[in-house]
Structures are given as C-alpha cells and as structure tokens.
Amino acid sequence: MTEEITVETTTTGKPAADPNAPLVEVDDLQITFKTGTGDVHAVRGVSFDIHPGETVAIVGESGSGKSTTATALIKLLAGNGRISGGSIKVEGTDITRYDESKMAAVRGGVIGYVPQDPMSNLNPVWSVGFQVREAIRANGVATGKKNIEAKAIEVLQQAGLGDAERRMKQFPHQFSGGMRQRVLIGIGLGADPKLLIADEPTSALDVTVQKVILDHLESLTREKNTAMLFITHDLGLAAERASKLIVMSKGLIVEAGPSLEILQNPQHPYTKRLIAAAPSLASRRIHSTAGLPVAEGADELDMAALAERHEDTEAAVEAAPVMISVKDLRKTYSIRRGSFKSEPLHAVDGISFDIHKGTTLALVGESGSGKSTAARLVLGLEPPSGGDITVGGQSMAKASAKQLFDLRRRMQVVFQDPYASLDPQRSIGAIIAEPLKVHKVGDRASRHARVEELLEQVALPAELAHRYPNELSGGQRQRVAIARALALKPEVVVLDEAVSALDVLVQAQILQLLADLQEELGLTYLFITHDLAVVRVVADSVAVMERGKIVEAGSTDDIFENAQQEYTQRLLDAIPGAGIEFGN
Amino acid sequence: MSDRITEHYVAPSDPNEGGEVDKVRLSDRKSNLWLDAWRDLRRRPLFYIAIAIVAVVSLAALFPSLFTDTLPNNDCQLANSNGAPTEGHPLGFTRQGCDVYARIVYGASTSLSVGLLVVLITAVIGIPMGALAAFYGGWIDSVLSRVGDIFFAIPYFLAAVVVMSVMPQRNVLVISLAIGGFAWASLARILRAEVLQVKNLEYVMASEAMGRSKFSTLVRHVLPNSLTPVIVYLTIALGAAITAEATLSFLGIGLGSSTMSWGNDIAQAQSSIRVAPMALFWPSLALTVTVLAFIILGELIRDALDPKARARR
C-alpha cells in the first residue's frame with residue numbers, strides 16, 4: 001500500500017519546543033474518589049515525565065490506580081473523582097486548573113486517547129464514518145464538509161482499514177473487534193496529538209490481532225514522533241513495546257525505569273513477585289534457568305518452578321490410562337440467512353483427542369475457534385451433532401439419562417467469569433454443598449463437614465461458609481468455584497478459561513492451587529484457554545483449534561519448540577514479551 | 001530517538017507489604033443482596049414515611065373500629081346532608097348525611113383488598129408465563145409470548161370496563177379478576193427480559209453441569225435472581241390497581257354502590273361538588289396518598305436492590 005503522509009508544519013506561531021523538555025510532567029499527583037463509605041485515595045502521589053516521542057508503559061494489577069492516572073491526564077475522571085493534589089504540566093503549563101473548554105483543546109489536539117474496550121466505545125447507532133468525522137470536527141483539524149470527509153478517510157487508512165471509503169458507511173456491529181480498535185486508534189490519532197494514551201488497547205482482542213494492532217500503532221507513532229502512554233496489566237507486553245516502565249501498586253509507583261533493566265534486574269519485592277508470576281515471561285524462562293536451582297521458597301509463586309515440575313511428569317503421561325476419549329466430535333448450528341434460508345455453521349468440525357488420567361490437555365484457540373463449544377459438548381451441556389465422547393470407559397452417546405446423571409458426578413467444570421459463576425443469593429457454604437445435594441450425597445452434617453474440608457483445600461477460611469460471594473475478590477470466588485467443582489470428588493475437571501479474568505499474581509496462585517490439587521487428587525484437566533503463555537506452565541499436551549478443527553496437537557514441549565503449523569507459530573509469536581531475553 | 005538517560009527508580013519497600021496474595025478480608029458484618037438493600041432502606045427517611053402510610057392504611061383496613069366509632073352506613077342522617085365538620089365528625093358529612101371520615105376508614109379495606117388481590121392474580125399468571133417463556137425458549141416462548149402479546153395489546157383498563165359492565169355480580173373478587181386478568185402481561189414481559197439475561201450467566205450453566213434438571217435450575221437459581229424487577233413492578237402495580245378500582249367505581253361500573261369504596265365516595269360526592277367540595281376532596285386525598293406511598297415504596301426498593309439504577313444525588 002502506498003501511503004501519502006502529509007507532513008504538517010506545526011511551527012507556525014509557537015517557537016520550536018526544546019526537544020529535551022518533557023512533554024508531560026506529572027508531579028506528586030493525588031486523586032481521590034468520593035464514595036458512600038468515605039474518600040478513597042486511588043492515586044497517592046505519583047510523579048513521572050513523558051518526553052516527546054517516548055513510549056512509557058504503566059503496569060499494575062486492577063485497582064493499582066494505573067487507569068485513573070491516565071484518565072487524569074485528560075481530566076476525564078469519573079464524576080466522583082477529583083485531583084486532590086499535585087500538578088500535571090502539559091508542555092510546561094499546569095492543566096489541573098483548566099476548565100472544560102480549555103481541556104477540550106488539550107484532548108485530541110495535544111493528548112489523544114484510545115479507550116480500553118473496542119466493543120463498547122463506539123456508538124452502535126451511528127455509522128463509523130459519522131463518529132470519525134465528528135471527532136475530526138471537534139478537534140478542528142479540518143473544516144468544510146469535503147475536507148473533513150477526506151481527512152476521515154485518511155485517518156482510517158492510516159489506522160490500517162482497507163477500503164476506508166466504503167467502510168465509513170458501515171456501523172460498528174459490522175466490524176470485528178480488531179477493526180473497531182483500529183477505528184478508535186484512528187480517532188485518537190486523528191488530530192496528530194503529541195501524546196497518545198492507550199488504556200489496555202488490546203486486552204479484549206485475540207493475541208494475533210493484538211500483535212498486528214500494536215505493530216501498526218508502533219509504526220504510526222514512530223513516523224510522527226508521537227509519545228505514547230500504555231496502560232496495561234501485561235508485563236511482557238509493556239516490556240516489548242515501551243522503553244520506559246512504571247510499575248504501580250495501590251496508588252503508588254513502586255519501581256520505574258528502562259523496561260529491560262526492570263525486567264532483567266527488578267529491585268522492588270513487588271516487581272520481583274510480579275515478574276516471577278507472569279506466565280508470558282516464564283514460558284521462555286525455562287531455558288534460561290534450566291539447570292539452575294530455583295531459589296524461591298515453596299510459598300513464593302514462581303511460574304518457572306511450576307513449569308519445571310511439569311516437565312518431570314511429562315514422561316508419565318503416556319503410561320497413564322486414557323480418561324477422556326473424544327472421537328470425531330461435531331457440532332453444527334444453523335444460522336439464519338435471509339428470510340427462510342439457513343446455513344450450517346460447523347462450530348466443532350470433527351475433532352478427536354485423548355486425555356490420559358492425571359494429566360492436563362490444553363485446548364487452545366482464538367475466539368470463534370470452537371474451543372468453548374467443545375467444552376460444552378464434553379460436559380454434556382449440549383448434545384453433539386456427531387461423534388462420541390468416552391469418559392472413563394462410559395460412552396456418552398450410548399448413555400441412558402441415569403448413566404448421564406452419574407457421569408456428571410465424575411466431571412465438573414470451572415468457568416471463566418468469577419463474578420457470574422456463583423449465585424449471588426446463596427451463601428458460599430450452600431454453593432459448595434449444592435452438587436452434594438443434587439446428587440444426594442450424605443446428610444446435613446456430613447455435607448457441612450465436606451464444605452469445611454473443601455474450603456481448607458482451596459485455602460479459604462472456614463467461616464466463609466456463612467458469607468456471600470459479594471464479599472470476595474475475583475480470585476477468591478474462583479477458589480469457591482474450584483471447591484464446588486471438587487465437592488463430588490470428580491475425576492475430570494473442565495477449566496473453561498478459568499484463570500483468564502484474574503490478575504497475574506492471583507492467576508499464578510490459582511494455577512499453583514490447580515497443580516497441587518491435580519497431584520493430590522489425581523485429577524484430569526481439560527484446560528480451555530486462549531492464552532498460550534499459561535498453557536506452557538500448566539499443560540502436558542496441547543491441541544490447537546482453528547475454525548472448529550484441531551490443526552495441531554502434541555506434547556507441550558513439542559508444540560512450543562517445534563510447531564509445525566504456521567497458525568500455531570503465529571500464535572506463539574504473538575505472545576507479548578516472548579522474544580525478550582530474560583535475566584534473573 | 002534521543003539517548004536520554006532514564007533513571008531507575010525504586011520505591012522504598014514496606015516490610016509489611018506483600019507476603020500473602022489475595023488475602024481474604026471479611027468485614028465484621030455479614031453482607032448480601034437483601035441485607036445490603038435493607039441497610040440502604042433503613043437510612044432513608046422517605047422509606048419510613050411510606051411504610052407509616054401503608055401501615056396506617058393496613059390497620060384501618062383490618063380494624064376500622066380502632067379509628068372511628070361511627071358506622072359509615074347505619075349512622076347516616078339526611079339532616080346532616082353535606083354538613084360541615086362537627087364534634088366527632090372531623091371531616092363533615094356526605095350528601096346522604098354519612099360521616100366522611102368513617103367512610104374513608106371503612107373504604108380502606110376495599111381498596112387494599114383489591115390492590116392485594118390484583119397483585120396476587122398478576123403474579124400467579126405473569127410469573128409462570130414470563131419465566132417459562134424465557135427459560136425454555138423455542139416454541140414454548142413463541143406460544144406464551146404471543147398469548148401475552150394479545151393481552152398486552154388490550155388496554156387492561158378498557159378490558160376491565162367491558163368485563164365489569166357485563167358482570168351481573170360486582171364484588172371485590174370480580175373487579176380484581178377483571179383488572180389482574182388483563183394486567184399480568186406487562187409483568188410477564190418484564191420477567192421474561194430479566195430471565196433471558198440471567199439464564200445465560202455461568203452459575204446457571206454450572207447448575208446444569210452438576211446435574212440439576214432444567215426446571216429445578218429455573219426455580220432454584222434463575223427465578224430468585226430475576227425477582228428484583230418483579231417486586232418493584234408489583235409494588236407499583238398495587239397502587240395502580242387501587243386507582244383502577246376507584247376509577248371503575250367512579251364510572252359506576254366498579255363495586256356496587258352499597259360497598260364502601262373510595263371510588264364510590266368520589267363518584268357520589270361529584271354531584272354536589274359545588275356545595276360540598278370537601279366530601280370529594282377527602283376520599284381523593286386518601287386515595288392519592290395511599291397510591292403514592294406504594295409507588296414510592298416500589299421506587300425505593302428498586303434503588304436499594306439495584307444501586308446502579310439509583311439516580312445520582
């Protein structure tokens with residue numbers, strides 16, 4: 001594609017800024033939210049600079065104040081939030097006292113913003129073109145209908161949307177997630193801002209799409225020497241994309257500096273733990289620390305240690321009997337097209353795999369690959385259109401209703417969203433005891449004892465039995481979901497994206513728990529995920545799905561070191577931070 | 001890019017920080033949806049006002065003799081027709097010479113009975129229709145929803161007018177059936193929308209995965225989590241039903257004129273509005289205040305159960 005880049009001379013009027021002066025200076029920034037239960041100090045004194053053309057990443061877990069800091073730069077805090085101290089200087093002038101009309105000139109013009117969720121940040125009732133034109137008009141980069149139209153097309157083409165002219169007439173629902181994010185990036189860069197804030201710009205997207213979008217963003221900003229502020233929870237991604245890293249925790253900066261240096265030589269204990277817990281970094285760490293003793297104690301969460309333990313067990317995989325055998329499994333939905341026609345959609349298109357007892361098979365794929373449908377079929381939540389699933393010698397296709405009910409005892413599930421998988425109106429004790437009740441196991445007293453035992457197994461206090469899910473964090477809820485899955489002493493547990501919604505430290509902790517439970521109880525896991533980095537540390541074997549078919553399957557080591565399929569290789573390459581040489 | 005040197009900053013580490021990841025921190029008091037809603041309600045003055053009005057009306061409905069010694073029908077004397085308030089008759093007299101205050105007190109029972117009966121009928125028809133349609137989907141949804149649409153298309157008040165004008169007997173039960181029998185479709189729609197949302201949540205899938213039957217899942221998990229809008233709707237519907245009864249009675253096709261009812265009183269006072277406006281005013285006020293109390297109660301419950309829907313204060 002030939003791109004014409006109009007070089008705009010912005011020197012008119014203003015004297016050329018000193019290239020060494022920072023573009024944005026944040027000094028002792030404090031942000032307070034007013035809530036029903038008193039003031040919450042979300043950001044407690046944060047200072048950093050962003051120089052022209054520099055890429056800075058703020059990394060932290062949810063609640064660390066990273067997004068709040070970013071939105072403060074354009075003063076778009078939620079209604080109950082305010083800047084309670086410190087200053088934000090943009091090109092030398094403090095904007096904390098700017099009113100709305102002055103801020104409007106800063107937003108878009110000086111600082112562009114790409115929001116987090118491409119699915120909800122475009123208005124579904126207006127065409128994409130309308131929304132881009134609106135942004136251009138608001139930023140005043142072009143006037144007159146024709147100029148605005150031309151600029152809108154240019155902006156979208158720059159953002160990587162082919163045939164932008166036709167695309168402009170379409171509505172957001174006709175765009176994929178990646179394309180919507182391109183539109184948002186286009187809008188953010190529309191007025192050639194000096195700084196672009198990207199708040200988790202790709203966390204809702206598949207890894208391969210993420211890579212393409214980030215590559216494109218990088219080349220665009222480099223071309224125009226735009227500074228970037230990345231907000232992300234992904235250390236690997238931050239290190240790969242940013243030259244400077246800021247690690248935040250609980251409203252404070254715990255460590256800041258050149259990203260590679262921080263990754264290779266973390267100083268603060270929090271940063272150290274964060275790096276040890278990040279699976280994307282551990283995936284390559286196996287080689288770098290091979291033969292080295294694992295220094296951390298057993299209570300520290302270390303993905304590398306977890307991964308190494310798995311290597312030992314790999315030899316035993318083949319020896320174990322087959323627990324689940326899936327043969328030529330199919331699921332076809334009919335999709336309505338036009339008024340009376342329907343088209344078949346092969347969500348799962350003839351997949352076969354075996355899982356040996358006591359091992360973990362990871363079913364990997366991007367959204368729409370059919371991996372979740374496969375999980376629902378294995379769980380018997382939906383009838384397959386063809387093929388068979390055998391669990392411990394019992395064929396599901398030939399099973400009677402009674403046999404199917406008994407089969408459910410041996411197979412349990414943990415879902416992705418810890419906030420949706422527990423009934424909010426039941427106490428934790430009732431939730432964990434429910435499978436026992438449904439299957440009429442034991443009496444009241446024995447069920448109560450089992451609940452306490454299970455809570456202990458997942459490292460939660462026993463008094464939680466009388467509490468409700470709303471008092472728990474996401475990770476704790478996920479432990480409850482695991483306890484519920486284990487209540488009937490199942491042989492198989494299906495983990496449907498069970499750790500995808502969790503922060504890295506919590507995710508590492510849950511993965512550790514799952515590994516411990518597997519060893520202790522001899523569980524067989526079917527691990528459904530889109531995150532290859534996690535697969536590396538938990539799975540014994542991997543099956544990669546693409547459009548309803550398994551394109552490649554094998555042991556975890558084979559797949560990661562010697563992927564045969566181009567698709568698998570693409571997935572592997574897209575893991576953020578995988579290419580970074582990692583010290584310890 | 002410039003070769004600017006970025007310094008490596010490390011915050012002083014707090015020895016108390018770190019250690020346990022994701023530690024369970026429980027508050028001293030238990031908390032769940034209903035407890036939180038109750039705590040929220042208890043902090044609102046309007047809640048107490050609404051509850052007090054509902055309590056007084058309910059008390060009057062159950063034990064009218066607590067409020068007045070005068071009988072609403074038997075103590076009427078034409079000599080007092082449209083009379084001004086006197087000792088023991090604080091609100092004056094109707095055209096028939098009956099005590100206005102006594103009639104209002106005794107009328108409360110009718111209004112409240114109609115309100116409660118209508119709500120009961122609405123719930124008994126509307127909840128199964130909405131829940132089953134949404135949860136099972138497919139042809140069950142098509143059939144139930146179309147039946148609901150038919151009832152929805154008929155304005156329930158118009159239907160009640162037609163039913164009441166052909167009924168030989170017009171008592172509290174008949175009028176409640178006439179109103180409730182046509183008003184349930186809205187409830188079914190509201191519940192259907194809620195169930196459609198709840199049934200796709202993971203805990204519903206989890207319930208089925210552990211072997212619970214579909215119907216049992218519906219009753220145990222889906223319905224309890226879909227009831228918030230139902231409770232709110234029914235509270236407001238109770239007020240609306242009282243208004244509907246009064247309106248039908250006012251039109252002369254509600255309860256028989258011998259039944260004590262605010263609607264009947266308003267209708268009868270209308271003919272002498274010029275000479276004795278207060279005989280019209282007092283039952284109207286009783287009606288308005290009662291209905292308002294129920295509607296406010298419904299709004300408050302909705303706010304308490306769904307803090308997100310709360311208007312910004």
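Any read-out appearing in this document is the output of simple, stated calculations on the displayed coordinates, not a laboratory observation. The structure presented is a predicted model; accordingly, all values stated were derived computationally and were not measured. All Cβ positions, even for glycine, are placed from backbone atoms using ideal geometry, and neighbour counts span all protein chains on display.
What lysines could a cross-link reach from A:K272, if we take a straight Cα to Cα line under 28 Å and drop same-chain neighbours fewer than 8 places away? Partners within reach: A:K66, A:K211, A:K244, A:K250, B:K23.
3J(HN,Hα) along the range A:321-335: x, 6, 8, 10, 10, 10, 10, 6, 6, 9, 9, 10, 9, 9, 9 Hz, from the Karplus curve 6.51 cos²θ - 1.76 cosθ + 1.60 with θ = phi - 60°, whole Hz, x for Gly and Pro. The mean number of Cβ atoms from other chains found within 10 Å of a Cβ in peptide A:369-381 is 1, as a whole number.
Divide the volume of the convex hull around the Cα atoms of the range A:313-573 by the residue count and you get 150 Å³ per residue. Spherically averaged projected area of the convex hull of Cα atoms, the range B:54-154: 9.3 nm².
Of the residues B:E194, B:E208, B:E87, the one that moves most in a GNM of chain B with alpha-carbon contacts below 10 Å is B:E87.
Across all directions, the shadow cast by the convex hull of chain B built on its C-alpha atoms averages 29.8 square nanometres. Distances between placed amide hydrogens fall under 5 Å for B:R95 paired with B:N82, all partners being 5 or more residues away or on another chain.
Note on chain A: dipole from Cβ charges, positive end direction compared against A:F33, A:S352, A:V506; the farthest Cα belongs to A:F33.
The value of relative contact order for chain B, using C-alpha pairs under 8 Å at least six residues apart, is 22 percent. In order along the range B:163-178, the Karplus-derived 3J(HN,Hα) couplings, from 6.51 cos²θ - 1.76 cosθ + 1.60 at θ = phi - 60°, round to 4, 5, 6, 9, 6, x, 10, 10, 10, 4, 5, 5, 5, 5, 4, 5 Hz, and Gly and Pro are given as x.
With distances taken between every two different alpha-carbon atoms, the range A:411-497 has a Kirkwood hydrodynamic radius of 12.7 Å.
When the scattering of the range A:24-277 is computed by the Debye formula from its Cα atoms alone, each counted once and equally, what is log10 I(q)/I(0) at q = 0.13 Å⁻¹? Scattering profile of the range A:24-277, log10 relative to I(0): -0.83.
Magnitude of the charge dipole for the range A:313-573, about its Cα centre and with charges confined to Cβ atoms of Lys, Arg (+1) and Asp, Glu (-1), is about 1480 debye. The charge dipole of chain A, taken about the Cα centre with unit charges on the Cβ atoms of Lys, Arg (+1) and Asp, Glu (-1), comes to about 2400 debye, rounded to the nearest 20.
Projecting the Cα atoms of A:H233, A:V155, A:V212 onto the charge dipole of the range A:24-277 (Cβ charges, centred on the Cα centre) puts A:V155 farthest toward the positive pole. Each of A:A515, A:P461, A:V391 was placed along the dipole of the range A:313-573 (beta-carbon charges, centred on the mean Cα), and the one lying farthest toward the positive end is A:V391.
About its Cα centre, chain B has a charge dipole of approximately 360 debye under the convention of +1 per Lys or Arg Cβ and -1 per Asp or Glu Cβ, with nothing else charged. Across the range B:100-258, the convex hull enclosing all Cα atoms gives 110 Å³ per residue. For chain B, a Gaussian network of Cα nodes joined below 10 Å ranks B:I104, B:I53, B:I150 by mean-square fluctuation, and the top entry is B:I150. In the calculated pair distance distribution of the protein assembly as shown, what percentage of Cα-Cα distances lie above 50 Å? Tail of P(r) above 50 Å: 35 percent of Cα pairs.
With θ taken as phi - 60° and the Karplus curve 6.51 cos²θ - 1.76 cosθ + 1.60 applied, the whole-hertz 3J(HN,Hα) list for the range A:213-225 is 5, 5, 4, 5, 4, 5, 5, 4, 6, 5, 3, 9, 6 Hz, x standing for glycine and proline.
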